[in-house]
Amino acid sequence: MRPNALPEGLHPDTLAVRTAIDRSQYGENSEALYLTSSFIQPDAATAARRFAMEEEGYTYSRVGNPTVSSMEQRLAALEGTEAAVATSTGMAAILLLGMGLLKNGDHVVCSQSVFGSTIRLFAGEFSKFGISTSFVSQTDVQEWAAAIRPNTKLLFAETPTNPLTDICDIQALADVAHNAGALLAVDNCFCSPVLQQPKRFGADFIIHSGTKYLDGQGRVMAGAICCDRRYVDELFLPITRTAGMVLSPFNAWVVLKGMETLGIRMQAQSQRALSLATWLEGHPAVRRVYYPGLSSHPQHALAMRQQSASGQGVGAAVLSFEVHGDAPEALRRNAFAAIDAVRVCSITTNLGDTKTTICHPASTSHGRMTEVQRQAAGIGQGLIRIAVGLEHIEDLKTDIARGLDTLK
Ligand SMILES: *Cc1c(COP(=O)(O)O)cnc(C)c1O
């Protein structure tokens, strides 16, 4: 097994296919999959040293697995962090972050526009353990700063948000956090490291749901935290090894292979999203389009600056739009009609797939909010979200026009 002897200074596209390959004795060109729960020990004394963590070597896949390690190293290389720790899902990564960093009496400041399960985890589950969370506006840095308390340990953000694609200023939030002696976590699911590297703007922890663009083809669930090695070693590995929210080697292998095409997928899907968003903006049945790549987006300039890891600003591949209607019932009827007319797009809330997905956030992903909460969040009954995949752009426009044209 040749050690990873890659030259320095490689570009992300090269790292995505070449870094962190663990080859077996057979020299296979594709990444090996070590689908095993345990590892045979050469002798009892070696086993004793490995179990005592005095010697490196695999023992049991809850403690460590070479395929999972490869996936962690490749993701860390793309995010530009020293290390990463993989988890069974994206939510398990956020649970691990909280378990590793927070204790009874600590306080968190979190954007009110983060993924719904993230809000429930902080507001519901963590509060049972004496951890309190203040939820603040995604885009108002003053509100974040004003929410800081002496016991604030963590700021948590996600950008762009789902479904309205609001952008927060990662650098400004990192400054607020660090001035208060707290740390900043950024959920980088929507952009992936090929568009946005939160570490460059001062984020301490980068959260991923590998279920989305890292796998990229809607097959497996996975998650990760990317950060400094000392955090992985001191805060997170002791928990994953004991509590067991580890990633399956098979899922790690799928994500490892998915990352090879991440760069070209994100570019191609983002190009289609921009084309679709521009076309929707001109459609008479559409009241408003939310997409960071459009110059009409309120944080367009910030998005182009922040989402430019590939060299130029990119809007990413999720967009939302509102249809016309004069009352909530009419809006909902029109949105449902537009959704039900599609014959190519999948009606599902998942995103990050090569297959374009379409959904009605107010009745699905955000259906558990009250109407008042939804109004405050700007998620109306006329809102439709599209996560753009890899189908031909003309087929997507035709598919979405099928329903919209009946609303004119
Ligand atoms: C899907 C998602 C998650 C949760 O990931 P799972 O893999 O489904 O647990 C977290 N954050 C964002 C932004 C997501 O889209």
Query raised in the report: Over all distinct alpha-carbon pairs, what is the Kirkwood Rh of segment 341-408 in angstrom?
Result: 12.9 Å
Requested in this report: Taking all protein chains together and a probe of 1.4 Å, list 236, 201 from the most accessible to the least accessible.
Outcome: 201, 236
Requested in this report: Ignoring everything but the protein chains, give the 1.4 Å probe accessible area of residue 15 in square angstrom, nearest 10.
Outcome: 40 Å²
Report summary line: Within the set 385, 200, 49, GNM on the chain using Cα springs under 10 Å gives the largest fluctuation to 49
**Report entry** Centre separation in Å (Cα based) which lies between segment 114-176 and segment 347-408
**Finding:** 25 Å
**Report entry** For the chain, the fraction of alpha-carbon pairs in successive 10 Å shells from zero, as %
**Finding:** 5, 22, 31, 25, 13, 4, 1, 0
Report task. Give me the lysines in straight-line cross-link reach of residue 103: C-alpha distance below 23 Å, same-chain residues under 8 apart excluded. Result -> 128, 153
Report summary line: Counting only protein heavy atoms and leaving out ligands, DNA and RNA, the solvent-accessible surface of residue 120 at a 1.4 Å probe, in Å² to the nearest 10, equals 100 Å²
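Kindly sort 143, 8 by accessible area of their heavy atoms, largest first, with the probe set to 1.4 Å. Kindly include the intermediate steps, with their values, before the conclusion.
Details: 143 75, 8 175 Å².
The residues order as 8, 143, largest area first.
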Report summary line: GNM on the chain, Cα springs under 10 Å; top mean-square fluctuation among 126, 39, 115 goes to 39
Query raised in the report: residue 83's amide H: which non-local residues (gap 5+, or another chain) put their own amide H closer than 5 Å, with H modeled 1.01 Å from N in plane and none for Pro or chain starts?
Result: 227, 229
Query raised in the report: When the convex hull of the Cα atoms of segment 262-407 is projected onto a plane and the area is averaged over all directions, what value comes out in nm²?
Result: 8.5 nm²
Report task. Let me have the relative contact order for segment 30-111, percent, based on Cα pairs under 8 Å that are six or more residues apart. Result -> 19 percent
Report summary line: Connecting every pair of Cα atoms under 10 Å apart in the chain and solving the GNM, the largest mean-square fluctuation among 171, 142, 112 falls on 142
Query - Beta bridge orientation in the chain: antiparallel %, DSSP, nearest 5 - result: 55 percent
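Helix-only mean residue ellipticity at 222 nm, the chain, DSSP H runs n ≥ 4 weighted -39,500 (n - 2.57), per residue, nearest 500. What is it? Display every interim value, and only then the final one.
Values: 14 runs with 141 residues, N = 408.
Helix contribution divided over all residues of the chain: -10000 deg cm²/dmol.
Just to make sure I understand: if all protein chains stay in place, what is the order of 397, 199 by accessible area at 1.4 Å, largest first? Don't skip to the end; give the middle numbers.
On the way: 397 35, 199 75 Å².
Ranked list, largest accessible area first: 199, 397.
Ranking request for peptides 315-328, 52-65, 212-225: highest mean number of other beta-carbon atoms within 10 Å first, then the rest in descending order. Write down the numbers at each step before the final one.
Values: 315-328: 21.4, 52-65: 14.5, 212-225: 23.7.
Going from most to least packed, we get 212-225, 315-328, 52-65.
The values are calculated or read from the model by the stated rules, or taken from the named source; none is laboratory data. Nothing here was measured: the structure is a model prediction, and the numbers come from that model. FYI the Cβ positions are ideal-geometry reconstructions off the backbone, even for glycines, and counts take in every protein chain you see. Heavy atoms of the whole protein, side chains included, go into the accessibility calculation; ligands, DNA and RNA do not. Shrake-Rupley method; radii C 1.70, N 1.55, O 1.52, S 1.80 Å.
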